[in-house]
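Input: a single structure, listed below in structure tokens.
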Amino acid sequence: MITDTEIKLKGVQVLAEYLGDVETERFIALIQREPFDYTKWRQGLDEDLTIENISQKAMALRKKKKYKEKQKEKRSL
């Protein structure tokens, strides 16, 4: 199990990767400012999707992540 600090760090890294620094700061400010129940919010997002749709979205996201990692590796060589 990872620590709370590690979870926070990874969360911010993911947000920054997908949203950029400015939008990540805005997202954090919004979460802190407004009462927010992530579980309720998340439950309503995919109500209309089938298991197959969710699986396809997950696979596409994983493929995109692997592509980005390969591109990052190429740039660092």
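The values are calculated or read from the model by the stated rules, or taken from the named source; none is laboratory data. Here the structure is a predicted model, which is why all the values come from computation and not from measurement. Here the Cβ is made from the backbone with ideal geometry for all residues, glycine too, and neighbour counts use every protein chain on show.
Okay, here's what the table says:
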{"read-out": "Selection from the range 18-38 of residues that are acidic (Asp, Glu) and either surrounded by 10 or more Cβ atoms within 10 Å (Cβ to Cβ) or at pLDDT 85 or above (or both)", "value": "21, 23, 25"}
{"read-out": "Residue pairs meeting the criteria (Cβ under 8 Å; at least 6 apart or on separate chains; first under 22 Å from residue 67 (Cα atoms), in the range 5-29; second aromatic (Phe, Trp, Tyr) and part of a helix (DSSP H, G or I))", "value": "15/27; 19/27"}
{"read-out": "Residue in the range 39-54 that is part of a helix (DSSP H, G or I), surrounded by 10 or more Cβ atoms within 10 Å (Cβ to Cβ) and modelled with pLDDT of 85 or more present", "value": "yes"}
